[in-house]
Amino acid sequence: MKFTKMQGCGNDYVYVNCFSETVVHPEELAKKIADRHYGVGGDGLILIEPSDKADAFMHMFNLDGSEGNMCGNGIRCVAKYIYDHGMIPADRTETTIETRSGLKNIKLYTKDGKMEQATVDMGVAVLTSSLPENITVHGMSLSFIGIDVGNPHAVYFLQDNPQLHVSKVSDLDFSLYGKDFETHPRFPEKVNSEFIEILSRNEINFRVYERGSGETLACGTGATAAVAAGNMAGYLDPEVLVHLVGGDLKIKYDETSGHAYMTGPAVSVFTGDFPES
C-alpha cells in the first residue's frame with residue numbers, strides 16, 4: 001500500500017489515496033501505521049476517498065484508531081495532495097472537500113505547480129457552553145468556553161484559570177492531567193482541550209490536548225475554536241495570529257456570519273510503501 005506522509009504546522013498524518021488503494025480495516029491500520037516506533041509515525045491516518053459531492057472525501061482516524069470528524073491541518077494537506085497529483089485541474093484556485101462535518105471550501109495558493117498554503121472555510125463556530133462554564137478537572141476549579149467547529153472543543157484561557165498555576169502555555173504539564181481533560185464526564189464523546197495565552201488582541205500562544213491523540217504540535221479546528229471563543233468573550237479581535245507549537249496559523253472570525261477561516265501551510269514529507277496486513 002502506497003502512502004504519503006504530510007504535515008501542517010507539525011500536525012502530521014499518513015495519507016492514503018483511496019482512489020487507487022483499498023483499505024479494509026482503517027481503524028487497525030491507523031494504530032499500526034501512525035505508531036512512531038513501529039510504523040511510519042504520525043498523529044493518525046487520513047484516507048483520501050472519492051466523493052459524489054466534492055473533489056474528494058477526507059476520512060480521518062486518530063492515533064488510537066478512533067474516527068474523527070474534521071481536521072483543519074489535515075484538510076489543507078488533502079487539498080495539496082489532490083492538487084499536486086493532478087486530481088483537479090491545474091488552473092483551479094479553489095477546491096471542495098467532503099468531511100464527516102460537511103463540505104469544506106478551500107482556497108488554494110500555489111507556486112510552480114504545487115500548493116503551498118490554503119485558506120479553509122471552517123464553517124460556523126457554534127457555542128456549546130455558557131460563556132464561560134465552570135468545571136472541575138484534576139481537582140482544579142476551572143472555566144472553559146465550549147466551541148464546535150466540526151469537532152468538540154473546550155477552550156481554557158490561562159488568565160481565567162489561576163488554578164493551573166502557569167502564566168505561559170509552555171509551562172503546562174499534560175503528563176499530569178491531559179487525560180483528565182480529554183475524558184471528563186462533561187464530554188461523553190471526549191473533547192479537544194485548548195490552552196490559550198493571550199499576547200494581544202491579535203496574537204495568542206496555543207497548546208492542545210486532542211481526543212484520541214494526546215498533545216499534538218498543532219490543531220486547526222482547535223486554533224479556530226480558540227479565536228472564536230476569545231472573540232465571543234471579548235478578549236480577541238476577529239483576525240488573530242495563532243502561535244502553535246509546530247508553527248503559525250492565521251484565523252479570521254466573521255462576527256456577522258459566525259464563519260471562521262483558517263490559513264496555513266501544507267507540506268509533503270515523504271512517500272513509501274506499507275504492508276497493510
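The values are calculated or read from the model by the stated rules, or taken from the named source; none is laboratory data. Bear in mind that the values here come from a model prediction, so they are computed numbers and not experimental data. We place every Cβ from the backbone using ideal geometry, glycine too, and count neighbours over all the protein chains shown. To get the accessible areas, we keep the full protein, side chains included, count just its heavy atoms, and leave off ligands, DNA and RNA. Shrake-Rupley method; radii C 1.70, N 1.55, O 1.52, S 1.80 Å.
Is it the case, given these coordinates, that residue 151 is at pLDDT 95 or above and within 24 Å of residue 248 (Cα to Cα)? Answer is no for this residue. Within region 10-24, the set of residues being open to solvent by 10 Å² or more (accessible area, probe 1.4 Å) and touching a residue at least 40 places away in the same chain (Cβ under 8 Å) comprises 10, 12, 17, 18, 19, 23, 24.
Entry remark, region 214-228: residues being within 11 Å of the chain's Cα centre (by Cα) and surrounded by 24 or more Cβ atoms within 10 Å (Cβ to Cβ) number 9 in total. Is it fair to say residue 112 is within 30 Å of residue 91 (Cα to Cα) and either open to solvent by 50 Å² or more (accessible area, probe 1.4 Å) or among the aromatic types (Phe, Trp, Tyr) (or both)? For residue 112, the condition - within 30 Å of residue 91 (Cα to Cα) and either open to solvent by 50 Å² or more (accessible area, probe 1.4 Å) or among the aromatic types (Phe, Trp, Tyr) (or both) - is met. When region 159-189 is filtered for residues that are open to solvent by 80 Å² or more (accessible area, probe 1.4 Å) and more than 23 Å from residue 235 (Cβ to Cβ), the ones remaining, listed by number, are 175, 176, 179, 185, 188, 189.
Among the conditions (1) under 21 Å from residue 124 (Cα atoms); (2) in contact (Cβ under 8 Å) with a residue 40 or more places away in the chain; (3) open to solvent by less than 10 Å² (accessible area, probe 1.4 Å), residue 152 misses just one, which is (3).
Of everything listed in (1) buried (at least 20 other Cβ atoms within 10 Å of the Cβ); (2) more than 24 Å from residue 30 (Cβ to Cβ), the single unmet condition for residue 119 is (1).
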